[in-house]
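Asks: Quick one: the structure is below, questions incoming.
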């Protein structure tokens, strides 16, 4: 198992990750995780942890991970939007076929406000696109 492990482990956090170097070459054959850096996906910043100096291999591995993570997050964003469309359709069906008056009273105002906000944002963006060209 130890030989199958990657050289680095990235503990994902809200807007980046903590980067650990993995070491299994010790007497006890335990997996040692040594934090070497903190990275920020929003601004691309890579900060060495403590007084560490990152090697070119460390930085290359971190940048590769950041590129792949960016692709994953972009894919998730659009997938979430497609799911939101599905939820809107399911919600419309629920309203038409299953919702009780009490359930509708509990959610109608919030749904209408959220849909109005979404519609306004979509119309604004579509208008901007059309006026730009």
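Asks: Restrict the check to the stretch 25-40 and report whether at least one residue is farther than 30 Å from residue 4 by Cβ, in the same structural domain as residue 11 (by TED's automatic domain parsing) and at pLDDT below 95. First the steps, then the outcome.
Replies: Going through the stretch 25-40, the residues farther than 30 Å from residue 4 by Cβ turn out to be none.
Looking for residues that are farther than 30 Å from residue 4 by Cβ, in the same structural domain as residue 11 (by TED's automatic domain parsing) and at pLDDT below 95, one finds none in the stretch 25-40, hence no.
Asks: Moving on to the next point. Suppose the filter is touching a helix residue (DSSP H, G or I) at 6+ places or on another chain (Cβ under 6 Å), within 21 Å of residue 8 (Cα to Cα) and assigned by TED's automatic domain parsing to the domain that holds residue 15; does residue 59 pass it? Explain how you work it out, then say what you get.
Replies: Numbers: touching a helix residue (DSSP H, G or I) at 6+ places or on another chain (Cβ under 6 Å): no; within 21 Å of residue 8 (Cα to Cα): yes; assigned by TED's automatic domain parsing to the domain that holds residue 15: yes.
In short, no.
Asks: Next question. Test residue 86 against the stated conditions and say whether it is closer than 29 Å to residue 118 by Cα and assigned by TED's automatic domain parsing to the domain that holds residue 6. Before the answer, list the steps.
Replies: Working: closer than 29 Å to residue 118 by Cα: yes; assigned by TED's automatic domain parsing to the domain that holds residue 6: yes.
Judged against the criteria, residue 86 is a match.
Asks: Just one of 40, 26 is free of Cβ contacts under 8 Å to residues at least 40 places away in the same chain and loosely packed, with under 10 Cβ neighbours inside 10 Å; which is it?
Replies: On the way: 40 fails: loosely packed, with under 10 Cβ neighbours inside 10 Å.
The conditions single out 26.
Asks: Here is a follow-up. Out of the stretch 43-64, which residues are assigned to a loop (DSSP other than H, G, I, E, B) and surrounded by 14 or more Cβ atoms within 10 Å (Cβ to Cβ)?
Replies: Restricting attention to the stretch 43-64, the residues satisfying the condition of being assigned to a loop (DSSP other than H, G, I, E, B) are 43-45, 49-55.
Answer for the stretch 43-64, where residues must be assigned to a loop (DSSP other than H, G, I, E, B) and surrounded by 14 or more Cβ atoms within 10 Å (Cβ to Cβ): 49, 52, 54.
Asks: Return a yes/no flag: does the stretch 1-23 have any residue that is out of contact with any helix residue (DSSP H, G or I) (no Cβ under 8 Å at 6 or more places or on another chain), closer than 14 Å to residue 63 by Cβ, in a loop (DSSP other than H, G, I, E, B) and at pLDDT 95 or above.
Replies: No, there is no match, as no residue in the stretch 1-23 is out of contact with any helix residue (DSSP H, G or I) (no Cβ under 8 Å at 6 or more places or on another chain), closer than 14 Å to residue 63 by Cβ, in a loop (DSSP other than H, G, I, E, B) and at pLDDT 95 or above.
Asks: Name the single residue that is nearest to residue 43 (Cα to Cα) among those in the stretch 12-23 being surrounded by 12 or more Cβ atoms within 10 Å (Cβ to Cβ) and touching a strand residue (DSSP E or B) at 6+ places or on another chain (Cβ under 7 Å).
Replies: Looking at residues that are surrounded by 12 or more Cβ atoms within 10 Å (Cβ to Cβ) and touching a strand residue (DSSP E or B) at 6+ places or on another chain (Cβ under 7 Å), I get 16.
Asks: How many residues does the stretch 82-133 hold that are in contact with a helix residue (DSSP H, G or I) (Cβ under 8 Å, 6 or more places away or on another chain) and surrounded by fewer than 10 Cβ atoms within 10 Å (Cβ to Cβ)?
Replies: Of the residues in that region, 0 qualify.
Asks: Taking the stated definitions as given, is residue 27 part of a loop (DSSP other than H, G, I, E, B) and over 16 Å from residue 66 (Cβ atoms)? Quick ask: steps written out before the conclusion?
Replies: Working: part of a loop (DSSP other than H, G, I, E, B): yes; over 16 Å from residue 66 (Cβ atoms): yes.
Considered against the rule, which asks whether it is part of a loop (DSSP other than H, G, I, E, B) and over 16 Å from residue 66 (Cβ atoms), residue 27 comes out as yes.
The values are calculated or read from the model by the stated rules, or taken from the named source; none is laboratory data. What you are looking at is a predicted structure, and each value in this text was computed from that prediction instead of being measured. With ideal geometry, Cβ positions are generated from the backbone for all residues, glycine too; neighbour counts draw on all protein chains shown.
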